[in-house]
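Trainee: Take a look at this one; I'll ask things after.
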Amino acid sequence: MLEMALKGRQGYWGLLIFLLAIMGVGFVSYLYQFSEGLRITGMSRDVSWGFYIGQLTYFVGVAAGGVMVVLPCYLHDYKAFARITILGEFLAVASVVMCGLFVIVDLGNLPRMLNIMIYPNPTSILFWDMIVLNVYMLLNIIIGWNVLSAERKGVHYQKWVKVLIYISIPWAFSIHTVTAFLYAGIPGRHYWLTAIMAARFLSSAFASGPALLILLCLIVRKVSNFDPGKEQIRTLGGIVAYAFILNMFFLLLELFTAFYSQIPGHMHSFEYLFSGLEGHGSVLAPWMWASIGFAVVALVLLIVPATRRREDILAVGCAAVIASTWIDKGFGLVIGGFIPNPFGRVFEYWPTTPEVLISAGVWATGFFILTVLYKIVISVKEEVGA
Amino acid sequence: MGLDRRKFLKIVGLSTLFGLGGKAAIDMFAPGELEASVETIPLTAGKRWAMVIDVHKIDETIIKKCVEACHREHNVPDLESKKEEIKWIWKEDYEHSFPGRHHEYVGEDVEHGSFLLLCNHCSNPPCCRVCPTKATWQREDGIVMMDQHRCIGCRFCMAACPFGARSFNWGDPRRVLEDKDLKELNPDYPTNRDYPTRSKGVVEKCTFCAERLAKGQLPACVEAANTVKKDALVFGDLDEPDSNVRAVLRNHYTIRRKPELGTNPNVFYIV
Amino acid sequence: MYDGGKIITGLIIGIGLFLFPFYYNAGKAAKAPDPELTAKAKEAKECVMEKAYMTANHFSLLDEWRHTVVRDADRYYTAKNGKVYYKSLQVTCLDCHSNKSKFCDKCHDYVDVDPYCWDCHIEPEEKK
């Protein structure tokens with residue numbers, strides 16, 4: 001099937017070359033970082049994780065979100081989704097690749113990376129995160145590839161694939177739970193030390209993953225003869241709506257606990273993120289308010305049935321969901337946990353240009369893989385459909 | 001016959017006068033006895049090392065001496081940058097040493113008093129729990145140690161430490177040797193040619209001077225403080241009922257930083 | 001075979017490129033290195049192990065030392081003759097072998113290895 005990625009129209013090749021160019025820029029920026037050290041980023045002694053780890057967290061969510069097409073299809077026998085499960089699975093593959101790359105570019109000492117496996121520490125959540133993410137990627141590659149080959153040959157996929165599919169469903173929940181545990185078990189970082197972290201992660205994942213999938217479905221329909229389907233997109237829209245409402249509800253729960261209890265540690269990070277602390281303004285405040293703004297737009301467009309059911313407006317709602325969750329999780333979550341620092345001081349963070357270029361290179365790599373995988377899917381679907 | 005501690009220290013002290021390393025001197029004065037003797041030196045056989053800092057006894061001079069002694073001993077350069085700052089032991093005011101304890105009517109001497117902060121060598125250290133490679137771990141004597149050969153620079157430990165005790169090498173510390181401004185700031189870097197520097201991309205912090213304890217010497221900061229004022233910093237074994245630290249803790253009211261987090265810090269402050 | 005000519009030409013070019021470093025460097029073999037001992041090292045006559053072992057395996061020994069020193073706090077090494085050494089590259093090894101450029105670097109350059117020991121461990125100051 002791989003050969004199908006080698007035959008495409010001009011637009012396909014144009015996109016790949018464009019992505020390759022960004023990957024090149026990212027790679028050169030990374031070489032610069034590799035020789036100079038992470039000092040070329042905006043990270044500091046106080047904010048020791050930044051944009052990279054934020055993006056890792058966000059894309060673990062996107063990867064987990066793919067399960068929102070797999071679960072209804074296989075556990076609830078919702079047949080309509082059988083047509084697009086492959087899109088969810090391959091989105092997960094591309095996302096996990098991005099996660100891995102974001103970890104790699106964040107490491108201070110890349111040549112020693114294998115120490116995680118040579119000297120594993122089972123009490124470290126990072127160790128488990130590495131395991132669940134890699135296994136999740138493998139599961140999705142194997143499942144996706146086998147189901148797609150079977151579809152191409154016009155046969156039913158083999159029985160053992162079904163076993164893997166059933167494993168992959170709870171596994172999707174596990175990757176984002178374990179990622180939440182990276183943060184939620186750390187003493188002294190009040191913004192992270194909350195039992196609802198994993199639940200919040202999953203709800204935002206199940207909103208942002210399917211939201212991205214809807215946009216991708218609309219693009220696929222536009223550029224190919226394969227139509228992911230009106231009903232499919234509509235059902236996904238409902239899932240995004242529910243998950244996003246839940247996500248905002250969880251945020252309100254956090255706000256209540258912090259501000260009704262009036263415990264300073266619980267309030268400080270929120271105060272910093274949305275207005276600033278100790279007389280410091282906050283470089284993140286405009287972004288956090290933008291996140292809230294996008295959330296309000298998304299809630300209105302997604303809750304009102306008339307707007308949700310119009311695909312063009314649904315697309316706007318999904319874009320708003322992605323923007324809102326991306327700022328909240330890819331940015332505010334990590335930075336907010338580090339401010340104020342353990343001494344109660346504010347030391348701000350803002351990513352540098354090389355840092356953003358490296359991240360762009362990672363995104364481009366992910367979308368390159370996604371493009372190639374989706375191209376194969378589309379070719380198979382067109383071949384079968386014709 | 002092993003060397004007793006007094007004899008050991010005498011040899012080490014004497015030989016320093018003659019510019020010899022401690023090891024070379026021992027080989028010269030008592031060849032072959034070193035290994036057996038080290039075990040008899042109390043400082044090398046602690047079960048739970050701890051430090052008590054008497055805030056009434058320390059002042060700006062002592063604090064400066066401690067910080068300098070430590071950072072010179074361990075080749076910690078001044079990088080003139082808040083962002084990339086590396087520190088093993090440092091000065092902090094009351095409000096920021098003990099966030100949450102502060103109130104507006106606190107006495108002048110406490111409010112403007114200076115504290116000496118360093119790694120707490122917690123008995124239940126979250127940094128070791130999160131390290132994916134065991135590059136930081138707890139030794140049997142309680143010291144939270146760093147293995148610079150193994151650290152991959154993921155900085156999970158920095159996120160996990162509630163005391164801000166860990167520093168990361170955002171760049172190569174040896175750029176001090178090339179950079180004009182930094183060279184001016186650290187004219188004699190590396191200050192201790194018997195101790196390594198670090199490379200870029202690893203985390204570092206106080207090790208309670210594990211390398212000095214092994215030779216029967218007190219941590220550099222304790223030694224420096226005691227040259228000015230006796231017992232300003234007291235270092236010893238908490239596991240030993242008759243130890244100096246236990247006696248000090250019995251006789252004074254002491255506090256620790258953020259005890260509510262359950263990390264069980266082993267640095268105490270007499271306030 | 002279709003396109004036989006093209007394939008064979010391609011193969012020849014490929015193999016040629018692959019072998020290029022060999023005939024480019026043929027007859028230009030670098031002289032085997034000859035690390036120098038300092039007066040102090042000569043006088044000591046023996047290292048912590050036999051010379052043959054040290055030549056071939058010093059890195060294994062150093063690797064073991066760094067591991068046991070840092071991780072097990074086991075800082076002393078007893079040689080076969082009973083002599084005790086403080087296990088330290090920087091303090092003990094380089095005390096005798098204080099001519100890094102003429103001792104360590106000679107072989108390391110010859111076999112083109114770049115041990116990262118020196119990223120942290122300070123090289124001895126050598127008199128030029």
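The values are calculated or read from the model by the stated rules, or taken from the named source; none is laboratory data. If you're wondering where the values come from, they're calculated on a predicted model, not measured in any experiment. Positions of Cβ are generated from backbone atoms using ideal geometry, with glycine treated the same way; all protein chains shown enter the neighbour counts. Accessible surface areas use protein heavy atoms only, side chains included; no ligands, DNA or RNA. Shrake-Rupley method; radii C 1.70, N 1.55, O 1.52, S 1.80 Å.
Trainee: Scan the stretch B:62-112 residue by residue and report those that are more than 14 Å from every other protein chain (Cβ to nearest Cβ) and open to solvent by less than 60 Å² (accessible area, probe 1.4 Å).
Mentor: Once the filter is applied, which keeps residues that are more than 14 Å from every other protein chain (Cβ to nearest Cβ) and open to solvent by less than 60 Å² (accessible area, probe 1.4 Å), the stretch B:62-112 yields B:ILE62, B:ILE63, B:CYS66, B:VAL67, B:ALA69, B:CYS70, B:HIS71, B:ILE89, B:VAL106, B:GLY107, B:VAL110, B:GLU111.
Trainee: Could you look through the stretch A:107-130, keep only residues that are touching a residue at least 60 places away in the same chain (Cβ under 8 Å) and closer than 17 Å to B:CYS151 by Cβ, and pick out the one that is most open to solvent (accessible area, probe 1.4 Å)?
Mentor: A:LEU110
Trainee: Quick one: in the stretch B:127-139, of everything that is within 13 Å of chain A (Cβ to nearest Cβ) and surrounded by fewer than 22 Cβ atoms within 10 Å (Cβ to Cβ), which residue is farthest from C:ALA73 (Cα to Cα)?
Mentor: Ranking the candidates gives B:ARG129 first.
Trainee: Looking at the stretch A:92-102, is at least one residue buried (at least 22 other Cβ atoms within 10 Å of the Cβ), of a type outside the set (A, V, I, L, M, F, W, C) and within 23 Å of A:ILE369 (Cβ to Cβ)?
Mentor: yes
Trainee: Among the residues of the stretch C:61-76, which ones are touching a residue at least 12 places away in the same chain (Cβ under 8 Å) and open to solvent by less than 40 Å² (accessible area, probe 1.4 Å)?
Mentor: Listed by number, the residues that qualify are C:LEU61, C:TRP65, C:THR68, C:VAL69, C:ARG75.
Trainee: May I ask you to verify whether A:GLY61 is open to solvent by less than 10 Å² (accessible area, probe 1.4 Å), assigned to a helix (DSSP H, G or I) and out of contact with any strand residue (DSSP E or B) (no Cβ under 7 Å at 6 or more places or on another chain)?
Mentor: yes
Trainee: Here is a list: C:TYR110, C:TYR85. Which entry is out of contact with any Asp or Glu (no Cβ under 8 Å at 6 or more places or on another chain) and in contact (Cβ under 8 Å) with a residue 40 or more places away in the chain? Step through it out loud before you land on a result.
Mentor: Values: C:TYR85 fails: in contact (Cβ under 8 Å) with a residue 40 or more places away in the chain.
Answer to the check: C:TYR110.
Trainee: Then there's this: Can you tell me which of (1) over 19 Å from A:ARG39 (Cβ atoms); (2) at the interface with another protein chain (Cβ under 8 Å from one of its Cβ atoms) is the one B:GLY142 doesn't meet?
Mentor: (2)
Trainee: Here are the criteria: (1) surrounded by fewer than 21 Cβ atoms within 10 Å (Cβ to Cβ); (2) assigned to a helix (DSSP H, G or I). Tell me which single one A:THR194 does not satisfy.
Mentor: Answer for A:THR194: the failing condition is (2).
Trainee: Here's a follow-up. In this structure, does A:ILE104 turn out to be within 12 Å of chain B (Cβ to nearest Cβ), free of Cβ contacts under 8 Å to residues at least 40 places away in the same chain and in a helix (DSSP H, G or I)? So that I can check it myself, show each step before the final result.
Mentor: Numbers: within 12 Å of chain B (Cβ to nearest Cβ): yes; free of Cβ contacts under 8 Å to residues at least 40 places away in the same chain: yes; in a helix (DSSP H, G or I): yes.
Answer is yes for this residue.
Trainee: Could you tell me whether any residue of the stretch C:84-105 is of a type outside the set (Phe, Trp, Tyr) and loosely packed, with under 13 Cβ neighbours inside 10 Å?
Mentor: Taking every residue of the stretch C:84-105 in turn, none turns out to be of a type outside the set (Phe, Trp, Tyr) and loosely packed, with under 13 Cβ neighbours inside 10 Å.
Trainee: Something else: Looking at C:ASN57, is it surrounded by fewer than 11 Cβ atoms within 10 Å (Cβ to Cβ) and modelled with pLDDT of 85 or more? Spell out the reasoning first.
Mentor: Values: surrounded by fewer than 11 Cβ atoms within 10 Å (Cβ to Cβ): no; modelled with pLDDT of 85 or more: yes.
The answer is no for C:ASN57.
Trainee: Please pick out the residue among B:GLU85, B:GLU80 that is at pLDDT 95 or above and of a type in the set (Asp, Glu). Even if it seems obvious, please write down each step before you answer.
Mentor: Working: B:GLU80 fails: at pLDDT 95 or above.
Criteria check complete, one pass: B:GLU85.
Trainee: Which of the residues belonging to the stretch A:114-172 are under 23 Å from A:ILE369 (Cα atoms) and of a type in the set (Ser, Thr, Tyr)? Spell out the reasoning first.
Mentor: Filtering the stretch A:114-172 for residues under 23 Å from A:ILE369 (Cα atoms) gives A:129-152, A:161, A:164-165, A:168-169, A:171-172.
A:TYR136, A:SER149, A:SER168 - these are the residues of the stretch A:114-172 that are under 23 Å from A:ILE369 (Cα atoms) and of a type in the set (Ser, Thr, Tyr).
Every residue, every condition in (1) among the aliphatic types (A, V, I, L, M); (2) touching a His at 6+ places or on another chain (Cβ under 9 Å); (3) within 26 Å of A:SER204 (Cβ to Cβ), yes or no:
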{"residue": "A:MET4", "(1), (2), (3)": "yes, no, no"}
{"residue": "A:LYS7", "(1), (2), (3)": "no, no, no"}
{"residue": "A:SER35", "(1), (2), (3)": "no, no, no"}
{"residue": "A:TYR74", "(1), (2), (3)": "no, no, yes"}
{"residue": "A:VAL97", "(1), (2), (3)": "yes, no, yes"}
{"residue": "A:ASP106", "(1), (2), (3)": "no, no, yes"}
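Trainee: While we're here: Looking at (1) at the interface with chain B (Cβ under 9 Å from one of its Cβ atoms); (2) modelled with pLDDT of 90 or more, which one does C:GLU125 not meet, given that it meets all the others?
Mentor: All conditions pass for C:GLU125, except number (2).
Trainee: Here's another thing I want to ask about it. Kindly provide the set of residues from the stretch C:14-71 that are more than 30 Å from C:LYS83 (Cβ to Cβ) and not in a helix (DSSP H, G or I), ordered by number.
Mentor: C:ALA26, C:GLY27, C:LYS28, C:ALA29, C:ALA30, C:LYS31, C:ALA32
Trainee: Sort out which residues of the stretch A:328-349 are over 19 Å from the mean Cα position of the chain (by Cα) and away from every other protein chain (no Cβ under 11 Å), and write them in order of number.
Mentor: A:ILE339, A:VAL346
Trainee: Checking A:TYR157 against (1) part of a loop (DSSP other than H, G, I, E, B); (2) open to solvent by 50 Å² or more (accessible area, probe 1.4 Å); (3) more than 14 Å from every other protein chain (Cβ to nearest Cβ), which test does it fail?
Mentor: The failed condition is (2).
Trainee: Taking the stretch A:18-42, which residues are in contact with a helix residue (DSSP H, G or I) (Cβ under 8 Å, 6 or more places away or on another chain) and assigned to a loop (DSSP other than H, G, I, E, B)?
Mentor: If the condition is that a residue be in contact with a helix residue (DSSP H, G or I) (Cβ under 8 Å, 6 or more places away or on another chain) and assigned to a loop (DSSP other than H, G, I, E, B), then A:THR41, A:GLY42 are the ones that fit.
Results for (1) part of a helix (DSSP H, G or I); (2) away from chain B (no Cβ under 14 Å); (3) among the acidic types (Asp, Glu); (4) open to solvent by less than 70 Å² (accessible area, probe 1.4 Å), shown as yes or no for each residue.
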position: A:VAL132; (1), (2), (3), (4): yes, no, no, yes
position: A:LEU148; (1), (2), (3), (4): yes, yes, no, yes
position: A:SER168; (1), (2), (3), (4): yes, yes, no, yes
position: A:THR177; (1), (2), (3), (4): yes, yes, no, yes
position: A:LEU182; (1), (2), (3), (4): yes, no, no, yes
position: A:PRO187; (1), (2), (3), (4): no, no, no, yes
